[in-house]
Each structure stands twice: as C-alpha cells, then as structure tokens.
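Presented below is the structure to which this report refers.
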Amino acid sequence: MKPVRITLTVNGIKRELDVMPNESLLHVLRDRLHIISVKGNCFRGECGICTVLMNGRPVKSCQVLAPEADGSEIVTLEGLVKNGEPSLVQKAFLEEFGYQCGFCTSAFVLLGEWIINNIPNPTEEQIKEVLNAVVCRCTGYQQIIKAIMKAAQWKREGKS
Ligand code: FES
Ligand code: FES
C-alpha cells in the first residue's frame, strides 16, 4: 500500500498530509494532528463519539477513510471558538450542565451546532432524532437537549 497525499482544511487551517489508503479520518485528526477533542471508542460506527463536522455535516470520523476526506472542511470542538469566545452551543452546554464525564461532549456539541444551523426552531423530538447518533454512557441526555434548545433560542434572538 502506498501513501496518498490529501489536503484538509481543519478548523480553518489548511493541512497537507500523506495518509495510508486505509487510515481513518479519526486517526488523522487525533493521532497525527493531535486534535484531542476528537475521541475514539468503538471504532466501528456504533457510538458516535468520534463525530466531527465534514463540509458542515456530522460524520463518524472512524468510518471515513482519510482519502475520502480529501478537499473537505473539517470542524472539531476547537474550531467553534472564535476570537476566544465559545459558540452559542458551547455556552449553553456550560449553562445547562450538558455534560458529566465529558467523554461524549465534543460529539454532542457538534451535533448541536448542526441542529441550530439547520433547524431554526427545533422540537425536542427533532433534537432527540439527531442525538440518536451518539451514545452518552453517563445518560445525561435531558440536559444536553435543554442546552441545544437554549442555544437555538439564543440564535433566533440574535445573541452571539
Ligand atoms: S468511535 Fe466512531 S462511532 Fe464509535
Ligand atoms: S457525559 Fe459521560 S459519556 Fe456522556
């Protein structure tokens, strides 16, 4: 197997890397670029802990081969902070205690970003449907849902 050259834009920074054809995007982000908010657990598409945004959509990064991500824009938890200011979803998670051990938090915050950018006035049912993609072992779902509803409301009110 020979390495393949790919280009990724990760949190606004362009990166060129030589990757193996069977290397996962999760491996590239966490182990090669040292973006440690991106976590692995099952490595087979079941837990969703490895979720990142790829071209604006949530993907399970353990299930994306690095060459498939060539040319894409990737956003991780770190990329949500602008000029030192957390995003609305990050602020809402803090206010609503939308985390316990924190292992799943990055994935849920990124799903929350997708929700508030794509469903302006989400119902609890719509949020639950999206959150189904990630497993929280601490089962803190209710506070996560409340946080995402709050962030969506702030966005509607024009808060930044
Ligand atoms: S580590 Fe990717 S889905 Fe579990
Ligand atoms: S907060 Fe612990 S796994 Fe979700």
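Things to note:
- If you take the Cα centroid of segment 62-93 and the Cα centroid of segment 115-160, the two points sit 17 Å apart.
- Residue pairs, from the table K14/K150; K39/K155; K39/K91; K128/K150, whose Cα atoms sit over 24 Å apart: K14/K150; K39/K155
- An ellipsoid equivalent to the chain, defined through the eigenvalues of its Cα gyration tensor, has semi-axes of 28, 17, 13 Å when rounded to whole angstrom and sorted largest first.
- Difference of contour (0.36 nm per residue) and Cα-Cα distance, R57 to Q126: 23.2 nm
- With R₀ fixed at 30 Å, the C-beta to C-beta distance from L94 to M20 puts the FRET efficiency at about 0.20.
- Peptides 103-111, 126-134, 23-31, 61-69, ordered by how many other C-beta atoms sit within 10 Å of their residues on average, highest first, read 103-111, 23-31, 61-69, 126-134.
- In nm, spacing of pseudo-spin labels at Q142 and E157 (7 Å Cα→C-beta vector): 2.3 nm
- MRE, 222 nm, helices only [DSSP H, n ≥ 4, -39500 (n - 2.57), over the chain, to nearest 500]: -9000 deg cm²/dmol
- The magnitude of the dipole of segment 88-156, with charges of +1 and -1 set on the Cβ of Lys/Arg and Asp/Glu and taken from the Cα centre, is near 120 debye.
- Three-way shape label, segment 72-160, alpha-carbon gyration tensor, a/c 1.5: rounded
- Across the options L111, G140, L88, the greatest Cα extent toward the positive end of the charge dipole of segment 88-156 (unit charges at beta carbon of Lys, Arg, Asp, Glu) belongs to L88.
- Of G71, G12, G79, the residue with the greatest mean-square motion in the GNM of the chain, using alpha carbon springs below 10 Å, is G12.
No lab work stands behind these numbers, since they all come straight from the coordinates. Treat the numbers as computed from the prediction; the structure is a model and nothing was measured. In this analysis, Cβ positions are derived from the backbone assuming ideal geometry, glycine residues included, and neighbour counts consider all displayed protein chains.
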